[in-house]
Structures are given as C-alpha cells and as structure tokens.
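Worksheet for the structure shown next.
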Number of protein chains: 2
Amino acid sequence: MDPLRFVEVGPRDGLQNERAVVPAERKAAFVDALSKSGLREIEAGAFVSPEAVPQMADSDEVFARLNRQPGVLYSALVPNMRGLERALAAKAGKIAVFTAASETFNRKNIRASIAESIERFRPVIRETKAAGLPLRAYVSTAFFCPYEGRISPAQVLPVVESLLGLGIDEISIGDTIGRASPQDVRALLRALGATVEPEKIFLHFHDTYGMAIANALTAWREFAITGFDASSGGLGGCPYAPGASGNVAMEDLVYAFAAEGGETGIDLNRLTEAAKSLEPVLKRPLASRLSKVNLDGGNND
Amino acid sequence: MDPLRFVEVGPRDGLQNERAVVPAERKAAFVDALSKSGLREIEAGAFVSPEAVPQMADSDEVFARLNRQPGVLYSALVPNMRGLERALAAKAGKIAVFTAASETFNRKNIRASIAESIERFRPVIRETKAAGLPLRAYVSTAFFCPYEGRISPAQVLPVVESLLGLGIDEISIGDTIGRASPQDVRALLRALGATVEPEKIFLHFHDTYGMAIANALTAWREFAITGFDASSGGLGGCPYAPGASGNVAMEDLVYAFAAEGGETGIDLNRLTEAAKSLEPVLKRPLASRLSKVNLDGGNND
C-alpha cells in the first residue's frame, strides 16, 4: 500500500480560527516541533489581509523564525499576487489557493463567485510555476454548505476540473462544516474518480459531528486516497461556517491509520506533544482524543 | 435494512464511572428524558455492592422513580443472586451479567477467573428465566486489555459460546479501553460469524482514541450487526481500565447511522437534551460532538 501523505494545517487553518492570540515565536516553535514528528508537509501560514485574518498577520515572521528540517515542505496559503509575493519572499515551498464548491459560501467568504475566484488564480499560478513551486487548491464546502445545505458531486466536479486544467497540482476537498458521512464521501469520490487521479486528491475533514475518522478510512480503504489534511490537536474551527468545529486532529487520524495498518511515518508522541505545547496559550484543553490519553502508559502494542 | 437496536448504557456504565455524585432523582429524570427520545432499551442501574460501586447504590430508588414509557425496556446489571433479587424487586425488564475476555482484567475487576465468573451466572440465569426475563452478558476487554494488551478473537470466541450455551440471549462485546480499529472489529466478527448469529451480538465501543464511529459503521455495513451500546453525552470512562474514556456518545452514534441511511427511530434533539440536562451536575461539558453544535441551526437536511 502507498504511504499516507499527511498535510498538517494546524498552524494555518487551525490557528487562524482560534480566538487566542498566539505570538509568532510560539507559532514557529509549534511548526518546528511538528517538523520533528515525521510530518513531511506543514502549512505554516497565510499571506492574506491582516484585517481579514489577524491571526495570520505575522506569517512573514513565522516563516523567518523556522528551523527548517530537511525533507519537510513548508507551504503557505495566498489569496492573490500580493500574497504570493510575500510567500515567495518568505521562501514557502508550496503555494495554496482557495475557493469553494458553494457559490453562497464563496461570496460570503471572499466576495467573489467561484468562477471569479478561479480567474484570479491565473497570475498566481503562472508566477508560482515560474518560481518552480508546486500548487495546491482548497475547495471548501464540497459536501455541505452552511447556507445552501447539501452540495452535490455534480457541483464539485467542474470546480476541481477547472483548477486542474489551470495547472494546479493537487486539490484539497474540504468538508468545511463536518457534516459528511462515508456515503457522501463515496458519492463524491466515485464522481471524481472518472477523471481525476486519486493522488491529486487530498481530503480535508472537520470533525464537528465526529465522522472524520470514519470518512478518512473509507476514502483510503475503498478509493486508495492517501492524501489527508488535519490539524494537530484538532485546532481551529471556522468562524465563517456556523456550527463548524476544528479540523480533525492529526494525532487521532494518524493513530487510526496506523491501527489499520497504514504506513504513516509519524512519531505519535512527538506529534501529540507538539500540539500540547500550545494548551497554555490557547487556555483550553485540546479537542483531540489522543491528547487526553497517556500514550506511554498501558500496552500500546 | 433491519432497524438499528441501540442500548443506552449512560445511566449505568456512564454514570458509574463519573466522579460527580448524581442524586437518584436526577438519574431517574435522565432515564425518563431518554425514554422519550425513541430509545427502546435503557440500562437504568446496577444492583451491585454499594461499597464496590457507590454510584449505583441507589439503583432501587432510581427504578422506583421511573415514569415508565410503554415499549421501553429498562434493564439492570447484576453480579449475583443477591443483585438479581433486587433487580426483580425493582421490576427490571432485562438482566445483564458481566465477564471479560482477558483473565487478568476479570481477576482485577471481579476477583474471579473467566470460568468462575461464568459458573456464578448459572443460578442467576436459571432464576431470570424462571421470571420470564431476557438475559444479556457483557464480555469486556474483547479487543485489548489494559494489562495483557491485544486479545485475540480465539480468546473471545469460547467465552461468547459458553455464555450462549448457558442460555444468555445476547452478548455485548466490549472494547473497554477503546483501542480497537475497524480491522480488529472485522477479525473478531469474522471469527464469531461462524457460530454466532449476528442478531445476538451487540457492540459496545468506548471512544478513547476516536475510532468508535468508524468501528460501528464497519460492523453494520460489512457484518449486518444492528445492536450497539452507547452512553448519551459520552458519559463515563472506566476507573479499572487505565486510559479509558467514556462510552461512545449515543447522539454521535445515532447521527452517524442516520447520515448513513440507517433506521434509528430516534429524535436527536431529545436525545441530546437528555444528556445536556446532566451538565450542571457533572460540572463539566459533555464529551459528545453533537452536544456542542446547535442542531436546530443551519441546514440539517
């Protein structure tokens, strides 16, 4: 079986949706701790408007402070050319852009239609490719939208195909409000499977209703999907999506895949400790299951 | 597809492992609220030694206070004839006995070998049958034991067969420390499937590592298991099993099955409100996912 490809989005998607202000130094230390757990890719920040997303205003400083590990890719989210310039200056190793499968959500989130948002990616894609960097695109609300309700695979497919047609290397399919169930995952992956290679698909689950692990295992077992996003500690939520809770916790996801015989390459103790180091700053216990158990105690055979 | 058969164990397995003292009146009100959610079976108490399990010392009073709903079965756990007498006096509708698949766990938990514990059931089974009541047996640590580590299906099968041979009607297979993954569930259900009818099997998952939902959906989808235990609110834990957290939350389990097209017959709002009513007594937020979201808000199509 192919090794799993985990993308840690806690420092970006997680922290940008936390209320507590986390200083750049702590963010960089968090990313550095994560980079020693076996994770190969970490989205370390976003070069977006500081007014729109104050939590990410210091991403330049976070990137500057990183103690980069060989073999670890540090990616960044950008909304436009201005963001790309900052990301390139910060030496981000991969560039991520974002849109949605729900028109209403996209308009409320970034004040553009889906088509307009994809149009805006063109110069970003061109310049990223000129810089020799790989590109990811997020497609959020790919199963349910907090405003429109259920989103059909027929709405997601053209968005994914447009993005791949523009030269995006991989698509992260987001269950933004955590409402998807395994049968929703099957329906979407069946629809995408006709034209999209499975290695270009990453799944990005939130765990609002507790179904993220079941969804991820279904995608892996039944569709050979190996790319999964998660946030260590289950950080985050989504202030733009009513009722959304955090990303699925990376440690819980890695534990599940390891228990199922997947090749994760990750040291669960180091991973869990990385997120736990943020608890004093967040001033709340982490949402992950593994952060609550003693991995060294008992029989962990 | 056959309707799901949920057994609510929060008032017993959940509360017996909570630190907060919950008065009998509150316990009975909790059971009554649960009984109006569509649940058909509620384990409302245990007639065990009050020294061993102080939380269950008032089970007689809890049963006496119930406003019994037609069509709802109120069951009770008993360890011996003394317990059975109290359960019959309390008009319990089903009797549950308990043992384990791990010798070490059973010895530490009830100071008897597995064989001895099953031997002790004989008079309880005889008198329960004489009273015309159905019988359930719990087999805990059926996947992992906190002392012995992994428990093989070959250890579980003879325990289950002995119990069924004695006339027990249904077996609740427990993942006491929540370590099982879908492939462990598959391995055990394949082993049991050769001799045990699926309708006699209930699965009893704890959610320590976040895999209970994935496990339950696997058992249902792949093995046609329809019987599942859970605790509303994810109440409980297990003080005898290091690192164990509560039972999987009934509302999260029901949500997952409903999302997957299962016939649950349960009103999720009523179910979730029943457990929420205990939050002031427990003085902590519930562990369930659904207790944290607004089911009436957003699009719940």
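What follows draws every value from the coordinates through simple rules; no lab data is involved. Everything numeric here is computed off the predicted structure, so don't read it as measured data. Here the Cβ positions follow ideal geometry from the backbone for every residue, glycine too, while neighbour counts run over all protein chains shown.
Rounded to the nearest 0.05, what FRET efficiency do A:Glu148 and B:Ala258 give with R0 = 22 Å and r taken as the Cβ-Cβ distance? Could you check?
Details: r = 21 Å, r/R0 = 0.93.
Step by step, r from the Cβ atoms, then E = 0.60.
Starting from the Kirkwood radius over alpha-carbon pairs of the protein assembly as shown, derive D by Stokes-Einstein at 10 °C in a medium of 1.306 mPa s and give it in µm² s⁻¹.
Values: Rh = 25.0 Å.
Result for D is 64 µm²/s.
Would you mind checking which residues have amide H under 5 Å from A:Arg150's amide H? H placed 1.01 Å from N; only 5 or more apart, or other chain.
Correct list: A:Cys145.
Using only DSSP helix segments of four residues or longer, with each worth -39500 (n - 2.57), what per-residue ellipticity at 222 nm results for the protein assembly as shown after dividing by its residue count and rounding to 500?
Numbers: 22 runs with 226 residues, N = 602.
Only helices count here, giving -11000 deg cm²/dmol.
Kindly give the semi-axes, whole Å and largest first, of the ellipsoid equivalent to the stretch A:1-157, taking each as the square root of 5 times a Cα gyration tensor eigenvalue. Present the calculation step by step, with values, prior to reporting the outcome.
On the way: eigenvalues 132, 61, 59 Å².
Working from the Cα gyration tensor, I get semi-axes of 26, 17, 17 Å.
Can you give me the long-range amide H partners of A:Phe98? Hydrogens built in the peptide plane at 1.01 Å from N, cutoff under 5 Å, separation of 5 or more residues or another chain.
Excluding prolines and chain starts, which carry no amide H, the hits are A:Tyr138.
With a sphere of radius 15 Å drawn around the Cβ of B:Gly193, what net charge do the other residues whose Cβ falls strictly inside it have (Lys, Arg +1; Asp, Glu -1)? All intermediate terms of the calculation are to be shown ahead of the outcome.
Values: positive: B:Arg186, B:Arg190, B:Lys200, B:Arg221; negative: B:Glu161, B:Asp184, B:Glu197, B:Glu199, B:Glu222.
Once positives and negatives cancel, what remains is -1.
Mind pulling the per residue volume of the convex hull built on the Cα atoms of chain A? Å³ is fine. It would help to have the intermediate numbers written out before the result.
On the way: hull volume 35.7 nm³, N = 301.
For chain A, the hull spanned by Cα atoms encloses 119 Å³ per residue.
Principal axis lengths of the stretch A:48-131 from Cα atoms, whole Å, largest first?
40, 29, 20
Tell me, what does the Kirkwood hydrodynamic radius of the stretch A:144-240 come to in angstroms if you use every pair of distinct C-alpha atoms? Write out the running numbers ahead of the final one.
Details: mean 1/r = 0.0727 Å⁻¹.
In the stretch A:144-240 this quantity evaluates to 13.8 Å.
Rounded, prolate or oblate: which fits the stretch A:75-198 when a ≥ b ≥ c are the square roots of the eigenvalues of the alpha-carbon gyration tensor, with rounded for a/c under 1.5 and prolate only if a/b beats b/c?
Values: a/c = 2.10, a/b = 1.60, b/c = 1.31.
Prolate, since a/c reaches 1.5 and a/b exceeds b/c.
List every residue whose amide H lies under 5 Å from the amide H of B:Arg5, counting only residues 5 or more places away in sequence or on a different chain, with H placed 1.01 Å from N in the peptide plane.
B:Gly227, B:Phe228
Count of lysine pairs in chain B with Cα atoms under 20 Å apart, counting only pairs 8 or more residues apart in sequence or on different chains?
14
Over the stretch B:155-205, what per residue volume does the convex hull of the Cα atoms give, in whole Å³? It would help to have the intermediate numbers written out before the result.
On the way: hull volume 3.8 nm³, N = 51.
Here the figure is 75 Å³ per residue.
Quick one: 3J(HN,Hα) in Hz for the stretch A:149-160, Karplus 6.51/-1.76/1.60 with θ = phi - 60°, rounded, Gly and Pro as x.
x, 5, 10, 7, x, 5, 7, 7, 3, x, 5, 4
Mind giving me the FRET efficiency for A:Glu197 and A:Gln69? R0 is 25 Å, r the Cβ-Cβ distance, nearest 0.05 is fine. Show your work: numbers first, answer last.
Working: r = 29 Å, r/R0 = 1.14.
My answer for the efficiency is 0.30.
Between the stretch A:31-95 and the stretch B:34-113, what is the separation of their alpha carbon centroids in Å?
55 Å
Please sort A:66-72, A:207-213, A:21-27 by packing, taking for each peptide the average over its residues of neighbouring beta carbons within 10 angstrom, highest first. The partial results should precede the final answer.
Values: A:66-72: 13.6, A:207-213: 27.7, A:21-27: 16.7.
By packing density, highest mean first, the sequence is A:207-213, A:21-27, A:66-72.
What per residue convex hull volume, in Å³, do the alpha-carbon atoms of the stretch A:110-155 yield?
Taking the convex hull of the Cα positions in the stretch A:110-155, it is 95 Å³ per residue.
I'd like the antiparallel share, as a percent to the nearest 5, of DSSP beta bridges with both residues in the stretch A:5-292.
The antiparallel proportion sits near 10 percent.
I'd like to compare A:216-228, A:82-94: which one has the highest average count of other Cβ atoms within 10 Å, and what's the full order after that?
Values: A:216-228: 21.5, A:82-94: 18.5.
The most tightly packed comes first, giving A:216-228, A:82-94.
Could you tally the net charge around A:Asp169, taking each other residue with its Cβ under 12 Å from the Cβ of A:Asp169, Lys/Arg +1 and Asp/Glu -1?
Every neighbour counted, the sum reads +1.
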